[in-house]
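Below you'll find the structure, written out as structure tokens, and then a few comments.
The values are calculated or read from the model by the stated rules, or taken from the named source; none is laboratory data. What you are looking at is a predicted structure, and each value in this text was computed from that prediction instead of being measured. Virtual Cβ from ideal backbone geometry, glycine too; neighbours counted across all protein chains shown.
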Amino acid sequence: MIPAALVPDGCTWPIVLGIDPGTRSLGYGALVIAPDGPRFLACGVVQPPARAAVATRLGEIQRELERLLGALRPGVLALERAFHSKNVQAAFRIGEARGVVLAAAARAGIEIFELAPAAAKKAVLGHGGASKHQVARMMAHILGTAELEVPSDATDALALAFACIKRRAAARLGV
């Protein structure tokens, strides 16, 4: 269950929420854009009952995502872009989860920034072929925290938020 408020009182810095979509596990990671660089705010996963019907899982994801958006109040949502998969059924399920996320973010008036999984890995590690474990370790290092004891979907979501922040900063500088 997601708490009612995750943003400290008086926080005026922008928040970027990264989402790694899935119908069995949806990862989220939020970073605050502080003047001295990104700061960790929250991360975790939304995991609907595994044996529930797809529609039931999507409904649970929507409910929890709306709670999350209310608790974090992000200005930007960084979403993993759809990618090609050898497993067509898995690709469809990711697409369904992405649809729920896109609709919830649009309803809340949040700017959406889509990134390929390899782009997030490249922003974090300098190359797009990194393992989930490498992404998790580097995100902990970048954020100056101890190793993050969360599922890889959550650290992947943090990487998406971080990549979004880097890309937006580079665009402002004309890089």
- Every residue from segment 80-99 that is closer than 16 Å to Leu26 by Cα, of a type outside the set (Asp, Glu) and out of contact with any Pro (no Cβ under 8 Å at 6 or more places or on another chain): Ala82, Ala90, Ala91, Phe92, Arg93, Gly95, Gly99
- Quick one: in segment 123-139, which of the residues that are crowded, with 18+ Cβ neighbours inside 10 Å and under 15 Å from the mean Cα position of the chain (by Cα) is nearest to Arg39 (Cα to Cα)? Met139
- Mind checking which residues of segment 15-36 are surrounded by 15 or more Cβ atoms within 10 Å (Cβ to Cβ) and not in a strand (DSSP E or B)? Pro21, Gly22, Thr23, Arg24, Ser25
- Any idea how many residues of segment 49-81 are closer than 17 Å to Ala104 by Cα, without any contact (Cβ under 8 Å) to a residue 40 or more places away in the chain and not in a helix (DSSP H, G or I)? 1
- Task: Scan Ala106, Ala91 and give me the residue that is modelled with pLDDT of 90 or more and within 29 Å of Thr56 (Cβ to Cβ).
- Result: Ala106
- Do you know which of the residues in segment 143-170 that are modelled with pLDDT under 90 and of a type in the set (A, V, I, L, M) is nearest to Val45 (Cα to Cα)? Val150
- Message: Going residue by residue through segment 146-160, is there one that turns out to be in contact (Cβ under 8 Å) with a residue 40 or more places away in the chain and among the charged types (D, E, K, R)?
- Response: yes
- Take the residues of segment 91-130 that are without any contact (Cβ under 8 Å) to a residue 24 or more places away in the chain and assigned to a loop (DSSP other than H, G, I, E, B): which is nearest to Ala78 (Cα to Cα)? Gly109
- From the list Arg63, Arg67, Arg39, Arg57, which residue is buried (at least 20 other Cβ atoms within 10 Å of the Cβ), more than 14 Å from Asp156 (Cβ to Cβ) and basic (Lys, Arg)? Arg57
- Message: I'd like the full set of residues that are surrounded by fewer than 19 Cβ atoms within 10 Å (Cβ to Cβ) and among the small types (Gly, Ala, Ser), limited to segment 42-54.
- Response: Gly44, Ala50, Ala52, Ala53
